[in-house]
1. In bins 10 Å wide, starting from 0, what share of all Cα pairs of the chain does each bin hold, as a percent?
2. Please state the relative contact order of the chain as a whole percent: Cα pairs under 8 Å, 6+ residues apart?
3. Treat every Asp and Glu Cβ in the chain as -1 and every Lys and Arg Cβ as +1, leave all other atoms uncharged, and give the resulting dipole magnitude about the Cα centre to the nearest 20 debye.
4. Can you check what the net charge comes to around VAL35, using other residues whose Cβ is under 10 Å from the Cβ of VAL35 (Lys, Arg +1; Asp, Glu -1)?
5. Quick one: what are the phi-derived ³J(HN,Hα) couplings along the range 15-32, Karplus 6.51/-1.76/1.60 with θ = phi - 60°, whole Hz, x for glycine and proline?
6. Helix-only estimate, please: 222 nm mean residue ellipticity of the chain, summing -39500 (n - 2.57) across DSSP H runs of length 4 or more and dividing by its residues, to the nearest 500.
7. Each residue of the range 56-63 in order: what ³J(HN,Hα) in whole Hz does its phi give by Karplus 6.51 cos²θ - 1.76 cosθ + 1.60, θ = phi - 60°, with x for Gly and Pro?
8. Whose amide H sits under 5 Å from the amide H of MET33, counting only residues 5 or more places off or on another chain, with H placed in the peptide plane?
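What follows is calculated from the coordinates using simple rules that are stated; it is not laboratory data. Note that the structure is predicted; figures quoted are calculated from it, not measured. Cβ coordinates were reconstructed from backbone atoms using ideal geometry, including for glycine residues, and neighbour counts include every protein chain displayed.
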Amino acid sequence: MTMLDQLYSDLRESKTDLARYVEATARDDRPYMVVPADAVKAWERRAPDAWAKVREWLAAEGKGLVEV
């Protein structure tokens, strides 16, 4: 199982929209993930473990994070 597959599996348990952002970033091979700053704050509060895994995946893939 790849790191991305494991991440998808973990995110399915999360009641956030993180999986949607990860999927779009991975599918389009984007060099960064663009997310609203309010969403990041919500993920940090509601799903800190899932958000940490997404940040880890972004770092491992050399992808940045742009908060708007």
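1. Each 10 Å bin holds this share of Cα pairs: 21, 62, 17, 0.
2. Working: 55 pairs, mean separation 27.3, N = 68.
Reported relative contact order: 40 percent.
3. Numbers: 11 positive and 13 negative charges, 34 e Å.
Result for the chain is approximately 160 debye, rounded to the nearest 20.
4. Values: positive: none; negative: ASP17, ASP38, GLU67.
Result for the neighbourhood of VAL35: -3.
5. 9, 10, 9, 4, 4, 5, 5, 5, 4, 5, 5, 6, 4, 8, 6, 6, x, 7
6. Details: 4 runs with 44 residues, N = 68.
Taking each H run of at least 4 residues, the total per residue is -19500 deg cm²/dmol.
7. Once θ is set to phi - 60°, the couplings for the range 56-63 become 5, 5, 4, 5, 5, 8, x, 9 Hz.
8. GLY64, LEU65, VAL66
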